[in-house]
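J.: Have a look at the structure that comes next, please.
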Amino acid sequence: MVSGQLIVGVDGGGSRTRAAVLDHAGAVLGTAEQGASNPLVVGFEKGAATIVATVDEAVRAAGCARRDVVVFGIGVAGAGSSSDRERPGERLAALLREELGESVSVWSDREAALAGAFGGAPGIVVIAGTGSSAIGFDGRRVATAGGYGKAIGERGSGFEVVRAAALAALACEDRTSDSTTRLETDLAAGMGLGGNRDLVCGFAAGLDAERLRRGIAVVHALAKSGDRVADAILTDAGNALSELVAGLVATLAPREPLAVVGMGGLLDASRPVRQRFQAALLAKGLPAEIAPARASPETGAAWLAIAHWGGRANGVDALARALAAQDAGLA
C-alpha cells in the first residue's frame, strides 16, 4: 500500500452495520451506520447490499469516492460459520466482490473485534449483543467459544435474555411456575405487543432489532426494581459469558493472564449484565477488570485486510497469520 490510499473496515452484525474509512496512517476520515447484515439472519443478498450501502455512506462522509479505496476489510457475524457445501464468508465475499472489486477480504465479526481490541496483542474479546461469542489470542494461537446461533442457543446474548424473559412471562400466565414476576404484565407491552401470546408469534416470525432492544430494556428495568426473576435472567447471562472466558483460558493455557475486552450492547459500561459478568469472572478466579478496546471492530477489520493484502497492519500481522493457519486447519 502506498501513501494516500484509503482503507474501509466494516463491522456487521444481527442488529447493525458500521463502516469506517481510514487513511494510510490509520486516521478515521468518515463513518456510517445502517441496519443488520448478518447473512444467516437477513440473507446473503440483503446482507451484502447493506454492507455496500454502509460503505458508500462512509465514503461519502469521508469526502471521497469508492474508487479511492484500495482495500475493503469486512468483519461480519455469521461469516465464521461453516457448512458441508459452502462457508458463508466465502459466499458473502463473492457477492461483495461483484460490487466492490477484488480487494475484499471477509472475516468473522469476532476476528475483527479481536484485531481492533488489542491491535494484534494477546487478549480475549467477549461479544454480547444480539448473539454471544468469544475469541482469544495468546500471541501464537487463536481459539473461539460460543457463537452457535439462535437455533442451538447462545447463552449470554440479548436474544437469549429476551427469550428467557418471554418463557418466564408465559409460565406465569399459564400458572406453570411458582415464581411471580412483572415480566408477565410488562414484557409484551414494553415490546409493543398486544399480550403474552403475541410473544410466541413474535419469536416464530423473528424479532426485529428494535423489539429485541425494547425487551432487553424491560428486563433491565425490572431487575433494577428488584424483580427476582429478571435479576436471575441477567445473572445467568453474566455467568454464561464468564464461562466463555474460562473455556478460552483452558484451551489456550496462557503463561500470563489475558486481558478481557467486552463488546456489544449487553456489555456497555452502564449495563447490569457487565456487573454480573465481572462478578462471575472474579468467582472463577479470572481477571475481573474489563479493559477498554484499543480500536473499534470496523477498524480491526481494516487492519486485518491490510495484513491480508501484504501491507503493514499496525501490529496485527501475527494475528492475521494465526487466523490464516486456523482457517487452513494448521493451528
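The values are calculated or read from the model by the stated rules, or taken from the named source; none is laboratory data. What you are looking at is a predicted structure, and each value in this text was computed from that prediction instead of being measured. Cβ: placed from backbone, ideal geometry, glycine included. Neighbour counts: every protein chain shown.
J.: Among (1) at pLDDT 90 or above; (2) under 14 Å from Val126 (Cβ atoms); (3) not hydrophobic (A, V, I, L, M, F, W, C), where does Glu256 come up short?
T.: Every condition holds for Glu256 apart from (2).
J.: I'm told Glu45 meets every condition in (1) closer than 16 Å to Leu100 by Cβ; (2) touching a strand residue (DSSP E or B) at 6+ places or on another chain (Cβ under 8 Å) except one. Can you identify the failing condition by its number?
T.: Evaluating Glu45 over (1) closer than 16 Å to Leu100 by Cβ; (2) touching a strand residue (DSSP E or B) at 6+ places or on another chain (Cβ under 8 Å) leaves (2) as the failure.
J.: Let me ask something additional. Tally time: how many residues in the range 30-43 are modelled with pLDDT of 95 or more and buried (at least 16 other Cβ atoms within 10 Å of the Cβ)? Outline the logic, then answer.
T.: Of the range 30-43, the ones modelled with pLDDT of 95 or more are 30-34.
Still in the list and also buried (at least 16 other Cβ atoms within 10 Å of the Cβ): 30-32, 34.
Looking only at that region, the number is 4.
J.: While we're here: Here are some residues: Ala240, Ala295, Ala307. Which one is in a helix (DSSP H, G or I) and either assigned by TED's automatic domain parsing to the domain that holds Ala168 or under 19 Å from the mean Cα position of the chain (by Cα) (or both)?
T.: Working: Ala295 fails: in a helix (DSSP H, G or I); Ala307 fails: either assigned by TED's automatic domain parsing to the domain that holds Ala168 or under 19 Å from the mean Cα position of the chain (by Cα) (or both).
Matching residue, one of Ala240, Ala295, Ala307: Ala240.
J.: Could you count how many residues in the range 203-239 are among the acidic types (Asp, Glu) and either at pLDDT below 95 or closer than 24 Å to Ala151 by Cβ (or both)?
T.: So the answer is 3.
J.: Can you list residue pairs whose Cβ atoms sit under 7 Å apart, with the first residue in the range 198-222 being charged (D, E, K, R) and the second being surrounded by 13 or more Cβ atoms within 10 Å (Cβ to Cβ)? Count only pairs 6 or more apart in sequence or on different chains.
T.: Within 7 Å, the pairs are Asp198/Ala188; Arg211/Met191; Arg211/Gly202; Arg214/Gly190; Arg214/Met191.
J.: Determine which single condition Pro254 fails, assuming it passes every other condition in (1) out of contact with any Gly (no Cβ under 9 Å at 6 or more places or on another chain); (2) more than 29 Å from Val28 (Cβ to Cβ); (3) not in a helix (DSSP H, G or I); (4) not aromatic (Phe, Trp, Tyr).
T.: (1)
J.: Just for the range 135-161: of the residues that are in contact with a helix residue (DSSP H, G or I) (Cβ under 9 Å, 6 or more places away or on another chain) and of a type in the set (Val, Ile, Thr), which one is surrounded by the most Cβ atoms within 10 Å (Cβ to Cβ)?
T.: Keep residues of the range 135-161 that are in contact with a helix residue (DSSP H, G or I) (Cβ under 9 Å, 6 or more places away or on another chain), which gives 135-147, 149-150, 153-161.
Cutting the leftovers down to of a type in the set (Val, Ile, Thr) gives us 135, 142, 144, 161.
Values: Ile135: 28, Val142: 23, Thr144: 19, Val161: 25.
The residue in question is Ile135.
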